[in-house]
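First comes the structure, then the notes that go with it.
The numbers here are math on the coordinates, done by the rules we state, and not lab data. None of these values were measured; they are calculated from a predicted model. Ideal geometry is used to build each Cβ from the backbone, glycine not excepted, and the neighbour counts take in all protein chains shown.
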């Protein structure tokens, strides 16, 4: 299965990027860091259709599974990912054919935050969006990081999570409490 990680963090080399890097050490995939793209906020007049969003989507539709990697900010996704998700509206209006190519794909979440468990309201936005586009939401892998991301604290949980994905042929929800 061809997998893409969509990294959306304000902090370069922060906890979420370190989690994404650890994931890539154990699972073949490609990383797309949203800070490398110029993506404007959603605009009903579509004056922004020449930014990087549609080009990135044209690349991402070649993947079977999309992994959204984001820190949990105030019980929600990062601002970069929220803008990206909002722009999916373009795939319902000016690029419907492209939007239909998302149907049948799958997605999951890699997230970091300070809470012991990922808030359900955080996960709900991803599940509902995926369902709307006909994408199968498969799992959440969450690492509680009070301060810095310490690889040794999370590597065993991640390898267990990935082994469950491979052995079951389906992704499982995994909440990590440190």
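Annotation: the antiparallel percentage among DSSP beta bridges lying fully within the chain is about 5. For the chain, taking the reciprocal of the average inverse distance between every pair of different Cα atoms yields a Kirkwood hydrodynamic radius of 16.5 Å. Diffusion coefficient (Stokes-Einstein, Kirkwood radius over C-alpha pairs, 10 °C, 1.306 mPa s) for region 92-133: 129 µm²/s, rounded to a whole number. Counting every Cα pair in region 14-80, what percent are over 20 Å apart? That tail contains 41 percent of the Cα-Cα pairs. For region 1-43, the Kirkwood estimate of hydrodynamic radius, built from reciprocal distances between every pair of different alpha carbons, is 11.4 Å. Working note: 222 nm ellipticity from helices only, DSSP H runs with n ≥ 4, each -39,500 (n - 2.57), summed and divided by the residues of the chain, gives -11000 deg cm²/dmol to the nearest 500. For helix 151-168, what angle does its Cα long axis make with the longest principal axis of the chain, in degrees from 0 to 90 and rounded to 10? Between helix and principal axis, roughly 70 degrees. Each label was represented as a point 7 Å from its Cα along the Cα-to-Cβ direction; for residue 64 and residue 50 these points are 3.8 nm apart.
Short-range pairs are left out: with C-alpha atoms under 8 Å and at least six residues apart, the relative contact order of the chain is 23 percent.
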